[in-house]
Amino acid sequence: MTGTAWDDWPRVLLPLPVVLPLFAAGLTLALARRPRAQRTISVTALSVVVVACVAMLVLTDRGNGTYAISVGGWPSRLGIPLVADRLSTLMLVVSSVVTLAVLLYSLAQGVADGEEGTPISIYHPTYLVLSAGVSNAFLSGDLFNLYVGFEILLAASYILLTLGGTGARVRAGTTYVVVSLLSSLVFLTAIALVYAATGTVNLAELSVRLREVDPDVQLVLHLLLLVGFGIKAAVFPLSAWLPDSYPTAPAPVTAVFAGLLTKVGVYAIIRTETLLFPGGQASSLLMWVALATMLVGILGAVAQNDVKRLLSFTLVSHIGYMVFGVALGTAAGLSGAVFYVAHHITVQTTLFLVTGLVERYAGSTSLDALGSLAKRTPLLAVLFFVPAVNLAGIPPFSGFLGKVGLLQAGVDVGTWPALVLVAGGVLTSLLTLYAVTKVWNRAFWQEPQEQVDRDHVAGLATATRIGTRTPLGMVVPTTALVVVGVAITVVAGPLFGVSDRAAHDLLDGTPYTATVLRGGAADGATEVGS
Amino acid sequence: MSPNLTLVVIAGVLVACGVTLLLERTLTRVIVGIVLLSNGINVLFLVASGRPGQAPFVTGGTTAEQMSDPLPQAMVLTAIVITLGMVAFVLALAYRSWQIDGHDEVQDDVEDRRIVRRAERDETSASYDDDTRETSDEEGEGVSR
């Protein structure tokens, strides 16, 4: 590592986002009876991860774009490569910032302190493991390690979702766990078949070897992988599990799930489409899937009466935008999709956090029970309003820029399915505006309605302390995320620059492949092994 | 190389049984389904790893070509460990469900039940704006609340 120390810095940082949270998870588990020590450890660990990820993004973007190490110093074909390129580091930065903010929020809410009835404080270790799993999935350079990353984050998410084990959460958790297990098994089958066809699971090597495989076999592998990732990303025909399971969890848990878990699926789809199966065998299929996801999702949202469920449906709907960008397969489309993922992670998480604040303040998230919140708590109203119009894509905000980028890319492609998709995108955007306006009108603006569907409120709301003061510790992280969401608009130029370069790297593919294959074989054994 | 037919058949039968059980309403059967399904996929990995080889260390003179491929076996091992953990978790979930409800059937979603109730009472959704009410008041009575 002599002489080129500057160039090698990202390689040193690479394992940090995975190793540090795992290590901290072990520590917090050992210190289960000391809540204050737990808090200090997890906040410190995640803060360091944020710093490391930002450093990695800057260095990767300034440097040659891709860095790889082979874990344990094995030759690259045998070992597990960790790869950081512009796409994965950008995802890491956004996800780590969001993870940290949600952790701070949940500390103030007291989910972490075992108020939900857990015997030992299991929240911190699980949350850290979730963060490690997400990072592992983003950094993984081979299919099987990607599977392991998915399993780490899913296992943690099962526990977070059923925290406390109340009836509603067990019911919601069951659906979620069984569906997720099924998707993992589909993914595992795909890995077995990929190995049988090519003899490797290394993504870089696969990108070369898969081209020699019979096209029909390629198609089968491609579709199997897409089905597996599609369930995780909640793409339309495979998305029915999401609105049933997310809303019952505690607010911060739903927020982090909404922000991150589906995006890991989207990330995997982007990788598969660009690295493993370039040339868009499935692009027309993906286009129709994207259109259906956008429209069906948003129509579901419009029909909802509960803010959490409504937001879950908008989450499904907006996954469609990202798939749209991937399906176009052009640099502009991919760039738009990458930008949109970054924007959507922040905004969707913020909205769920604000809904958590509303639930705590008013005791319910049902639109029938809420009313005139804007008069009673103007701060909450502002906190909801900004990310809401951001999600709907009102001009000055990043949601608008992301959507315009995607629509522009669609118009540039100019084939009729692409134009239909553009129209669908505009329609979805308008319906999103309608959905959030409905929430705004009924929860924040109008007087509460007299008649309240009691069963509905009892079935969905899980709030305990009605009318208590909202703790500052919950408001500050939420405000910070709202500000981050607005800041994305301010730095949209540089961010689009990064996502453009990321898209070009993805379409080119050779820097990724070359770096990974060289990374382990030439010098990995001597410098990374120790 | 042609794959071992016995292994392929075993994998197929295990997966078929697993899928059938996964479609059951009882969580216990779902668990058995998951176990069968994942075992079927593990057998698939064995098919993927190619022909069986000789022991690498014991017989001394085994060359690399004579050994079986170790990589899929490492993957299967990881997959088995992961599935074990997940099955343990779902078992706990089934037990908790039995503790709370007295059975471990997967229940319908809150929303689904609400829709069914509304349908039984012949009611429209609350977000449905009935703007015909003023013009045809008498007819509207029967449908809306």
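The values are calculated or read from the model by the stated rules, or taken from the named source; none is laboratory data. Predicted model, so just to flag it, every value in this text is computed and none were measured. Heads up, the Cβs are rebuilt from the backbone with ideal geometry, glycines too, and the neighbour counts pull from every protein chain shown. Accessible surface areas use protein heavy atoms only, side chains included; no ligands, DNA or RNA. Shrake-Rupley method; radii C 1.70, N 1.55, O 1.52, S 1.80 Å.
If amide H atoms are built 1.01 Å from N in the plane of the peptide, which residues on other chains or at least 5 residues away come under 5 Å of the amide H of A:D306?
A:L367
Using protein chains only and a probe of 1.4 angstrom, how many square angstrom of A:W74 are accessible, to the nearest 10?
140 Å²
By how many degrees, 0 to 90 and rounded to 10, does the Cα axis of helix A:416-439 deviate from the longest principal axis of chain A?
Its long axis makes an angle of about 30 degrees.
Short version: which residues of the stretch A:167-187 lose at least 50 Å² of accessible area, all chains versus chain alone, 1.4 Å probe?
Residues shielded by partner chains are A:V170, A:R171, A:T174, A:V178, A:L181, A:L185.
What ratio of Cα Rg to 2.2 N^0.38 Å holds for the stretch B:10-108?
1.46
Which whole number gives the average count of other chain Cβ atoms within 10 Å of the Cβ atoms across peptide B:114-123?
Per residue, the average neighbour count from other chains is 1.
Please state, to two decimals, what the Cα-based radius of gyration of the stretch A:107-246 comes to when divided by 2.2 N^0.38 Å (N = residues).
Taking the Cα Rg and dividing by 2.2 N^0.38 Å, one obtains 1.23.
For a quick check of understanding: with a 1.4 angstrom probe and all protein chains in place, what accessible area in square angstrom does A:F444 have, to the nearest ten?
Counting only protein heavy atoms, A:F444 exposes about 10 Å² to solvent.
Once both labels are modelled 7 Å past Cα along the beta-carbon direction, what's the B:D69-A:N441 spacing in nm?
That separation, rounded to one decimal, is 6.0 nm.
If I ignore ligands, DNA and RNA and count only protein heavy atoms, how much of B:R96 is accessible to a 1.4 Å probe, in Å² to the nearest 10?
The accessible area comes out at roughly 90 Å².
Got a number for carbon plus sulfur as a percent of the stretch A:47-200's accessible area, 1.4 Å probe?
Summing carbon and sulfur atoms, their accessible area is 68 percent of the total for the stretch A:47-200.
From other protein chains only, count the Cβ atoms within 10 Å of every residue's Cβ in B:32-44, then give the mean.
Neighbouring Cβ atoms belonging to other protein chains average 3 per residue here.
Can you pull the Rg over Rh of the protein assembly as shown, Cα-only, Kirkwood?
0.97
Got a sec to turn the phi values of the stretch B:82-97 into Karplus ³J(HN,Hα) couplings, 6.51 cos²θ - 1.76 cosθ + 1.60 with θ = phi - 60°, whole Hz, x for Gly and Pro?
Along the stretch B:82-97, the couplings run 4, 4, 4, x, 5, 4, 4, 5, 5, 4, 4, 5, 5, 5, 4, 4 Hz.
Give the interface area between chains A and B as buried accessible surface, both sides summed, probe 1.4 Å, in Å² to the nearest 100.
3400 Å²
In nanometres, what is the gap between the two model label sites at A:R376 and A:L27, each 7 Å from Cα along Cα-to-Cβ?
Those two pseudo-labels are separated by 4.2 nm.
Extending each Cα 7 Å along its Cβ direction at A:A423 and B:L91, get the distance between those two points in nm, one decimal.
With each label placed 7 Å out from Cα toward Cβ, I get 5.6 nm.
Send over the semi-axes of the stretch A:14-68's equivalent ellipsoid, whole angstrom and largest first, taken as the square roots of 5 times the C-alpha gyration tensor eigenvalues.
After diagonalising the Cα gyration tensor, the semi-axes are 29, 11, 4 Å.
Round to the nearest 0.05 the FRET efficiency obtained for B:L7 and A:L285 when R0 = 22 Å and r is the Cβ-Cβ distance.
Here the calculated transfer efficiency is 0.10.
To the nearest whole number, what is the average tally of beta carbon atoms from other chains within 10 Å of the beta carbons of peptide B:90-98?
What the average comes to for B:90-98 is 4.
HN-Hα J couplings of the stretch A:282-293 from phi, Karplus 6.51/-1.76/1.60, θ = phi - 60°, integer Hz, Gly and Pro as x?
9, 5, 5, 4, 4, 4, 5, 4, 4, 4, 4, 4
Counting helices only, and only those DSSP H runs with n ≥ 4, report the 222 nm mean residue ellipticity of the protein assembly as shown as the sum of -39,500 (n - 2.57) divided by its residues, in deg cm²/dmol to the nearest 500.
The helix contribution divided over the protein assembly as shown gives -23500 deg cm²/dmol.
Give me the accessible area per residue for the protein assembly as shown, probe 1.4 Å, as a whole number in Å².
Per-residue accessible area for the protein assembly as shown comes out at 40 Å².
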